[in-house]
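One structure is given below, encoded as structure tokens.
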Amino acid sequence: MSLWKGLASVPIFGRRTYEYFVMSNGSIVFLRHIDTVFEGLPVKTFQIVQRAHDEILVRVVKADGYSEKDTAFIKRNILWRHFQETTKVEVEVVESIPLEKSGKRRYIINKLPDLCDRYAPYNES
């Protein structure tokens, strides 16, 4: 087990945990306020998945009035606010986003391996 194990979910200010994405240049993007991207849009809920360092999937459950303009706005806004220009953003409109076993919804999912292990200077026995 590495000294850095679990750093992909960083506890900040007590009990709350914030997940993050790691970009190809090594920079870390915390998405603590990612919901602001969706403010005012006809979106019921969303989920953002990092599939690669430079590839993001945004799942959206649309509400009445959602259009392709909203999809383009989400792509533009996520890149502008949170990611590098070279990041590929795909928006997928889905009927629903399943809840976790705990009954909670995960808004952010990082599919990359635990990158902290790769940079850990020390491993426990």
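The values are calculated or read from the model by the stated rules, or taken from the named source; none is laboratory data. Please read all numbers here as calculations on a predicted model, not as lab measurements. We place every Cβ from the backbone using ideal geometry, glycine too, and count neighbours over all the protein chains shown.
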So, Gly6, is that one at pLDDT 75 or above, assigned to a loop (DSSP other than H, G, I, E, B) and over 19 Å from Ile97 (Cβ atoms) or not? no
When every residue in region 40-71 that is assigned to a loop (DSSP other than H, G, I, E, B) and under 16 Å from the mean Cα position of the chain (by Cα) is compared, the one surrounded by the most Cβ atoms within 10 Å (Cβ to Cβ) is His53
It is to be established whether one or more residues within region 85-102 are under 14 Å from Phe38 (Cβ atoms) and of a type in the set (Lys, Arg). no
